[in-house]
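The values are calculated or read from the model by the stated rules, or taken from the named source; none is laboratory data. Remember, it's a predicted structure, so these values are computed and weren't measured experimentally. The accessibility values were calculated without ligands, DNA or RNA, using every heavy atom of the protein model including side chains. Shrake-Rupley method; radii C 1.70, N 1.55, O 1.52, S 1.80 Å.
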Amino acid sequence: MAERIMAGPARPASADATATARDPSDLLENKLEQLNSLLWCFYGAGDGWFQDAGEAHRENLLWIASDLAREAVELFQESAREQGVPIQM
């Protein structure tokens with residue numbers, strides 16, 4: 001059986017030691033970095049594995065990307081509200 005690869009521990013993206021892991025802007029930065037890495041795997045590597053993954057796997061990967069994007073929007077809105085910035089979506 002192949003060894004399962006697990007993601008590393010969650011960590012705040014901000015270098016600011018006073019920021020907590022629950023800070024919406026740090027969580028947003030983490031989600032966007034995850035989304036960027038996921039989308040890079042789809043097309044950035046250019047090796048075509050995404051097309052060869054099969055329909056079910058492609059749908060699941062796109063579902064993950066969609067969830068990450070939705071969560072990023074929610075965190076952006078929360079962060080903007082905390083900073084008193086009006087947002088229109």
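What are the ³J(HN,Hα) values, in whole Hz, obtained from phi via the Karplus relation 6.51 cos²θ - 1.76 cosθ + 1.60 with θ = phi - 60°, for each residue of the range 57-72 in sequence order, with x given for Gly and Pro?
5, 4, 4, 5, 5, 5, 5, 4, 4, 5, 4, 4, 5, 4, 5, 5
Suppose accessible area is computed on protein heavy atoms with a 1.4 Å probe; arrange Ile64, Ile87 from highest to lowest.
Details: Ile64 85, Ile87 60 Å².
Sorted descending by solvent-accessible area, the residues read Ile64, Ile87.
Calculate, for the range 28-82, the solvent-accessible area per residue in square angstrom, rolling a 1.4 angstrom probe over the heavy atoms of the protein chains. Please report the intermediate quantities before stating the final value.
On the way: 3790 Å² over 55 residues.
Counting only protein heavy atoms, the per-residue value for the range 28-82 is 69 Å².
How would Leu32, Leu75 line up by accessible area, probe 1.4 Å, largest first? Intermediate results must be reported in sequence, preceding the final value.
Numbers: Leu32 85, Leu75 20 Å².
My answer, sorted largest first, is Leu32, Leu75.
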